[in-house]
1. With the checklist (1) touching a residue at least 12 places away in the same chain (Cβ under 8 Å); (2) part of a helix (DSSP H, G or I); (3) touching a Leu at 6+ places or on another chain (Cβ under 8 Å) in hand, flag the one item A315 doesn't pass.
2. Please determine whether any residue of segment 58-66 is surrounded by 22 or more Cβ atoms within 10 Å (Cβ to Cβ) and among the charged types (D, E, K, R).
3. Please pick out the residue among A212, A283, A296 that is closer than 24 Å to A329 by Cβ, at pLDDT 95 or above and either in a loop (DSSP other than H, G, I, E, B) or over 16 Å from the mean Cα position of the chain (by Cα) (or both).
4. Given the options A184, A191, A164, A154, name the one that is touching a helix residue (DSSP H, G or I) at 6+ places or on another chain (Cβ under 7 Å), modelled with pLDDT of 95 or more and under 26 Å from L211 (Cα atoms).
5. Only helices (runs of 4 or more DSSP H) wholly contained in segment 137-204 count here; list those with 3 or more residues that are out of contact with any Asp or Glu (no Cβ under 7 Å at 6 or more places or on another chain) and under 23 Å from L101 (Cβ atoms).
6. Among the helices (runs of 4 or more DSSP H) confined wholly to segment 13-109, which include 1 or more residues that are assigned by TED's automatic domain parsing to the domain that holds G275, polar (S, T, N, Q) and in contact with a strand residue (DSSP E or B) (Cβ under 8 Å, 6 or more places away or on another chain)?
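The values are calculated or read from the model by the stated rules, or taken from the named source; none is laboratory data. Bear in mind that the values here come from a model prediction, so they are computed numbers and not experimental data. Glycine also receives a Cβ, built like all others from the backbone with ideal geometry; neighbour counts cover every protein chain displayed.
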Amino acid sequence: MRVLLDCRMAGWSGVGRYTTGLARALAARDDVELVQACAAGGPPPATPRGAGEVVMLAAHPFSLRGALELGRLARRSAPDVVHCPHFPTPAPVCGPLVVTLHDLTPLLAPGVMPSPARRAVYRAWNARAARVAHRVLVPSRCTAADVERVFPAACGKIRVTPEAADDFAAGPADSLVGRLAALAAPPYLLAIGNAKPHKDLVTLLRAFVRLAPAWPELRLLLVWSDQPRFVAGALGGAPQDVISRVAFTGPVGDAELRALYAGAAAFVFPSRYEGFGLPPLEAMALGAPVVCANAASLPEVVGDAALLFTPGDDAALAAALARVLADSALREHLVAAGRERAVQFTWAGTAAVTVAAYRAALELAG
């Protein structure tokens, strides 16, 4: 089967991790001939075998020019199936099309995309994808329900295809050096996020203020480029000793992130809405006990291998973290259960479900 995979966003964060993992798993299969459409200047996420191709495209994938450029490539390369691993789709659609919709965060999480104009454009892109695709892939049952509710045109087309972390966790975590090594001296709690409201790092900061006095050596390490403005307010009134134990890593590479996961006393993920939630799975694969919000798709991902707390409840989060820190038996259980849970999610498994969706799209279009 000849598959044109849109890899123009492979260098991005979440969608890039998905695109890269899937592309490499597809390229390893004997029943797929992969054509990768990549952003100009960026390397392809996978090295295709046989007659595989790599085509560089210049336009931004969110632009009309980008949609037309992808459409021209689809006509020229004559694939059996086109797969768009994010909502941008080719114009026009001229054959079997599979689209992955990761989540509807800007439409469902308050404050994430405050501009009405931007939300309208985002809704239009996703509505078109739901309408023109022959199969719609989503990473969780939670996202499936959201997409069906918001875009009824997707009903009957959706297939749940979970993501994975086996490629990211493979091999030993590299040792940290320099500033990161100093920041990551144990014990520390690790979190990954950004300033978007649904990530809810305010709740984590408030929980740390509650927890810190009983654990004077404990620090909170946030993987983030810089300190957002809301941090001062969330830490308002806290002793200077507590404030000084909150640190930001700045940009980190994959090897550094693996080492940070592996050394954490616990990984904390307070997000109120995720279409899948790859960081908890990565943390479990690398042996970090996970504490995360009981929200959206996260219970699907972590199963019974993490401690869950009520979203937005900083007292409940502080209590859950205190349990992990104080109870070595619980911590060991979470580490073992997390590793066992993580190995159930592989990119080879994701690729197998995806190829089945390709075949279904071919039948529908044929």
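1. (3)
2. no
3. Criteria check complete, one pass: A212.
4. A191
5. In segment 137-204, the matching helices (runs of 4 or more DSSP H) lie at 141-150.
6. none
Here is a yes/no grid of residues against (1) assigned by TED's automatic domain parsing to the domain that holds L104; (2) basic (K, R); (3) without any contact (Cβ under 8 Å) to a residue 40 or more places away in the chain:
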residue: W224; (1), (2), (3): no, no, yes
residue: Y261; (1), (2), (3): no, no, no
residue: R272; (1), (2), (3): no, yes, no
residue: P279; (1), (2), (3): no, no, no
residue: A288; (1), (2), (3): no, no, no
residue: N294; (1), (2), (3): no, no, yes
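Okay, residues lined up against (1) more than 24 Å from the chain's Cα centre (by Cα); (2) closer than 24 Å to P187 by Cα:
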position	(1), (2)
E274	no, no
P289	no, yes
V301	no, no
A316	yes, yes
L321	no, yes
D327	yes, yes
E332	yes, yes
